[in-house]
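Structure record follows, encoded as structure tokens.
The values are calculated or read from the model by the stated rules, or taken from the named source; none is laboratory data. These numbers come from a predicted model, not from an experiment. Heads up, the Cβs are rebuilt from the backbone with ideal geometry, glycines too, and the neighbour counts pull from every protein chain shown.
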Amino acid sequence: MSNPLTISLPDGMPFIAISREFDAPVDALFRAHKEPELVKQWLGPNGYDMEIESYDFSTGGRYRYVHIDPEGNRYAFNGVFHVVRENEFAIQTFEFEGYPDVVSIEALTFVDLGDGRTRLDIHSAYPSLESRDGMAQSGMEKGVSEGYERLDVILKG
């Protein structure tokens, strides 16, 4: 069984908070978010392929990738990494190109729990409650949960 995933959508607040613990040290979890070939193996729902056009997980870096579902539908995402502090913290923008001009700002905090364990806390701020709710209803929880289960396997290997 994997560690539980917590997703919170506070009433009246346009943000989503995600928290999950991993049975791996901070540097391993950070590396899995930094290296495109690792990201490609775990990010997104099961059964989807991923094409990475660009991915520079550093301060000022950019990314763009496309998830492809089993029917061949393509879902593109892009953003900018505004701040990246090794093994500690990142701030990025996130845009699903299917809903252009709705950009969230996400803070990722890598918390060392000791004994080779890490908690990842993500705070995503949206421009409106409507856009936040749209993201929450898009199947986000399933994709995040399945992706983190694959990430567990990568971190053990």
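For the stretch 98-127, the set of residues classified as small (G, A, S), farther than 18 Å from R85 by Cβ and at pLDDT 95 or above consists of S104, G114, G116, S124, A125, listed by residue number. The conditions of being surrounded by fewer than 13 Cβ atoms within 10 Å (Cβ to Cβ) and in contact with a helix residue (DSSP H, G or I) (Cβ under 6 Å, 6 or more places away or on another chain) are met by N46. So, of the residues in the stretch 77-128 that are touching a Ser or Thr at 6+ places or on another chain (Cβ under 8 Å) and of a type in the set (S, T, N, Q), which turns out to be surrounded by the fewest Cβ atoms within 10 Å (Cβ to Cβ)? For the stretch 77-128, the residue satisfying everything is T93.
Being exposed (fewer than 14 other Cβ atoms within 10 Å of the Cβ) and either without any contact (Cβ under 8 Å) to a residue 24 or more places away in the chain or within 24 Å of A24 (Cα to Cα) (or both) is the filter here, so list the residues in the stretch 129-157 that pass it. Once the filter is applied, which keeps residues that are exposed (fewer than 14 other Cβ atoms within 10 Å of the Cβ) and either without any contact (Cβ under 8 Å) to a residue 24 or more places away in the chain or within 24 Å of A24 (Cα to Cα) (or both), the stretch 129-157 yields E130, Q137, K142, V153, K156, G157.
Taken as a whole, the condition of being over 14 Å from L151 (Cβ atoms), crowded, with 17+ Cβ neighbours inside 10 Å, within 16 Å of the chain's Cα centre (by Cα) and aliphatic (A, V, I, L, M) does not apply to I7. Looking across the stretch 71-115, the residues that are among the aromatic types (F, W, Y) and assigned to a strand (DSSP E or B) come down to Y75, F77, F81, F89, F94, F96, F110. Exactly one residue out of G72, G79, G116 is free of Cβ contacts under 8 Å to residues at least 60 places away in the same chain and within 23 Å of R20 (Cα to Cα): that is G79. Considering the conditions (1) over 20 Å from H67 (Cβ atoms); (2) touching a strand residue (DSSP E or B) at 6+ places or on another chain (Cβ under 6 Å); (3) surrounded by fewer than 19 Cβ atoms within 10 Å (Cβ to Cβ), F22 is excluded by exactly one of them, (3).
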